[in-house]
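The values are calculated or read from the model by the stated rules, or taken from the named source; none is laboratory data. Source: prediction; values computed, not measured. Neighbour counts are summed over all protein chains in view; Cβ atoms, including those assigned to glycine, are modelled from backbone coordinates with ideal geometry.
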């Protein structure tokens, strides 16, 4: 495993190596050596210098390694030259992440998204590096030109397959949009958990919903979106969404392919950015997540809260510092999704934001109007109610829009 250090002062090299090792372990690879090199000027042929290539080659021979992972983006030419020099298979960061997604996708939609991303990535390799495919496929001659080359045929097959996948994903997107429209007409607020991979989103999701979503100390444990209904103070029903984790240098092919999934984030009423505050690269990870949110078109006006997770992993001094900082800043809550510490404070904070525009109303219903009473409980916070003879008086907190909808329900 190789980390070319190209002067990224924001990130810690050891942490970056650990992350790449985690990506490799996520698909069952056995990491036998880690190496970091400073690259002052990327070499067009091999990215790194010839001396560095030889150091890696020696390590490959010594460890009898069959695969070398470069934590960088390699051009097809660089990949081919490195494989020749190292006498081992070489993959870059994009290829490694695509492998993980391909292995983890559990739903039909997830598999479609991963296949589309992989074909998009592979098409570039095909055009530039598959020289062994530059052979003629025999033509019949009546078209007046040479037969179609194998590489042209393969490129055409890939294009056709990608077109079919995009059509299927468009249908998925339309279906998801219909479901989302139905929820908005209800209307129930949607809260999306976002964050760097392995920040603890699924652990928090499980604690808030009681769901059994896969939550392991593993990169990209969650690929397919999961939606669950939850209750919040003053809100009878809200939808909580757990989404795929982001990562630095997330392949653009994956961002495009997972657009249908990420639409849940784009349309959310509130985002909770779950951060691993115990990670040495916590600030750089935050910037990576914000960059992806901007890339997928999240409205910058969408309210965002930061849940500084993994308090349980901090020593006493660091814990005191994080708690003090979170108290001083708006929309920041320090939590441990694992132990539950701070989670109720997070719930109250988010609920207060969702009900900030709500007002208190006095509403009188017929005592037998069960549907009206149920509506008030579903869409507002019933603070008190009294039954007097044939009438029931409700003291309820509602948004002005919901109050208007309620008063017009029989119109």
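Only one residue in 343, 382 is in contact with a helix residue (DSSP H, G or I) (Cβ under 7 Å, 6 or more places away or on another chain) and without any contact (Cβ under 8 Å) to a residue 24 or more places away in the chain. Which one?
Answer to the selection: 382.
Collect the residues in segment 54-85 that are without any contact (Cβ under 8 Å) to a residue 40 or more places away in the chain and within 34 Å of the chain's Cα centre (by Cα), keeping them in residue-number order.
Hits for segment 54-85 are 60, 65, 66, 67, 74, 78, 81, 82, 83.
Would you call residue 406 outside any loop (DSSP other than H, G, I, E, B), within 30 Å of residue 280 (Cα to Cα), touching a strand residue (DSSP E or B) at 6+ places or on another chain (Cβ under 9 Å) and in contact (Cβ under 8 Å) with a residue 40 or more places away in the chain?
no
When you look at residue 353, is it assigned to a helix (DSSP H, G or I) and touching a residue at least 40 places away in the same chain (Cβ under 8 Å), yes or no?
Spelling it out, residue 353 is indeed assigned to a helix (DSSP H, G or I) and touching a residue at least 40 places away in the same chain (Cβ under 8 Å).
So, in segment 356-403, exactly how many residues are out of contact with any strand residue (DSSP E or B) (no Cβ under 9 Å at 6 or more places or on another chain) and not in a loop (DSSP other than H, G, I, E, B)?
7
Would it be correct to say that residue 298 is in contact with a helix residue (DSSP H, G or I) (Cβ under 6 Å, 6 or more places away or on another chain) and either at pLDDT below 95 or part of a helix (DSSP H, G or I) (or both)?
Numbers: in contact with a helix residue (DSSP H, G or I) (Cβ under 6 Å, 6 or more places away or on another chain): yes; either at pLDDT below 95 or part of a helix (DSSP H, G or I) (or both): yes.
Considered against the rule, which asks whether it is in contact with a helix residue (DSSP H, G or I) (Cβ under 6 Å, 6 or more places away or on another chain) and either at pLDDT below 95 or part of a helix (DSSP H, G or I) (or both), residue 298 comes out as yes.
Let's see how each residue does on (1) surrounded by 13 or more Cβ atoms within 10 Å (Cβ to Cβ); (2) assigned to a helix (DSSP H, G or I):
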{"site": "16", "(1), (2)": "yes, yes"}
{"site": "22", "(1), (2)": "yes, yes"}
{"site": "37", "(1), (2)": "yes, no"}
{"site": "40", "(1), (2)": "no, no"}
{"site": "55", "(1), (2)": "yes, yes"}
